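Visitor: Take this structure, written in structure tokens, and hold onto it; I'll ask about it next.
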Amino acid sequence: YPNVTNWVEQECDVFFALATFDDAKNRKAENARFIKSLFIDMDGYATKKQAAYALKAFLSETGLDLLGTPWIVGSGGGLHCYWPFEEAVEIAEWKPLAENFKRLCKQQKLSIDMTVTADAARILRVPGTRNFKKKYKTPRPVRIVAEGDIFDLASFSEKLYANLHERYEPPAPKLELPGSRPKSLKDAGQV
């Protein structure tokens with residue numbers, strides 16, 4: 001990808017969006033339509049090795065390890081982990097699953113960036129680039145640490161919900177009624 005190479009040469013951080021959007025120029029969660037993965041950002045550990053041990057314990061304790069191995073990317077600072085699905089999922093179906101996956105991580109005390117996991121507009125770092133954050137003295141490589149598997153959505157959902165103590169339920173949709181709202185009178189005595 002020539003653009004990526006040019007951006008890295010110009011010392012730019014390079015990201016990719018995980019969802020598809022109705023309007024390519026409007027990367028907002030309400031504009032997201034499909035997504036094909038669950039993902040977490042593990043930056044809360046002193047080392048990547050500690051994050052990897054915590055991830056391994058989380059997968060074992062929840063039985064998610066029996067479904068396969070997530071893809072793991074060393075982001076230059078922490079780990080990005082992906083559970084890609086066989087098929088793209090509509091955001092309306094994905095969002096409750098992602099919210100509950102976030103809750104399972106918290107329940108099991110897996111330290112993740114809680115804003116990332118259920119954000120349909122999220123962007124994450126591209127493997128093969130560099131992390132140019134100023135806090136690092138030298139740019140850090142972004143690379144695939146472990147190639148993983150592709151997951152069946154139904155099997156993943158079943159395992160997730162079997163482990164979850166407190167389930168997130170999405171709010172009921174707003175009721176839209178045709179017409180306009182009546183205007184109040186300034187003085188209740190007026191007719």
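The values are calculated or read from the model by the stated rules, or taken from the named source; none is laboratory data. Treat the numbers as computed from the prediction; the structure is a model and nothing was measured. With ideal geometry, Cβ positions are generated from the backbone for all residues, glycine too; neighbour counts draw on all protein chains shown. Each accessible area value is taken on the protein alone, full model and side chains, heavy atoms only, with ligands, DNA and RNA left out. Shrake-Rupley method; radii C 1.70, N 1.55, O 1.52, S 1.80 Å.
Visitor: Could you check the spin-label model distance between Glu158 and Ile123? Points 7 Å from the Cα along Cα→Cβ, value in nm.
Guide: My value for the distance between the label points is 3.8 nm.
Visitor: Now for a separate question. What Rg and what Dmax come out for the chain when only alpha-carbon atoms are used, in angstroms?
Guide: Expressed in Å, the Cα Rg and Dmax of the chain come to 21.0, 76.
Visitor: Leu67: accessible area at probe 1.4 Å, nearest 10 Å²?
Guide: Using a 1.4 Å probe on the heavy atoms, I get roughly 60 Å².
Visitor: Take each of the peptides 125-133, 56-64, average the number of other beta-carbon atoms within 10 Å over its residues, and list them starting from the highest. Could the numbers behind the result be given before it?
Guide: Details: 125-133: 17.7, 56-64: 15.9.
In decreasing order of mean packing, 125-133, 56-64 become 125-133, 56-64.
Visitor: Another question about this same structure. How many nm is it between the label spots at Glu87 and Leu66, if each spot is 7 Å from the Cα in line with the beta carbon?
Guide: 2.4 nm
Visitor: Report, please, the projected area of segment 1-98 averaged over directions, based on the convex hull of its C-alpha atoms, in nm².
Guide: Averaged projected area of segment 1-98's Cα convex hull equals 8.2 nm².
Visitor: Hey, another quick one. Treating the angle as unsigned and between 0 and 90°, give the value, to the nearest 10°, between the Cα long axis of helix 48-62 and the longest Cα principal axis of the chain.
Guide: That helix lies at roughly 60 degrees to the long axis.
Visitor: Between Glu176 and Ile150, what's the calculated FRET efficiency when r is the beta-carbon distance and R0 is 35 Å? Round to 0.05.
Guide: Efficiency, rounded to the nearest 0.05: 0.35.
Visitor: Using a basic spin-label model with each label point 7 Å from the Cα along Cα→Cβ, how many nm lie between Val4 and Gln107?
Guide: 3.6 nm
Visitor: Provide the net charge surrounding Asp113, with neighbours chosen by a C-beta distance below 9 Å and charges set as Lys +1, Arg +1, Asp -1, Glu -1. Spell out each step's value before the answer.
Guide: Numbers: positive: none; negative: Asp41, Asp43.
With Lys, Arg at +1 and Asp, Glu at -1, the net is -2.
Visitor: If you don't mind, there's one more thing I want to ask. Return the ratio Rg/(2.2 N^0.38 Å) for segment 93-145, where Rg is computed over Cα atoms only.
Guide: Numbers: Rg = 14.3 Å, N = 53, 2.2 N^0.38 = 9.9 Å.
It is 1.44.
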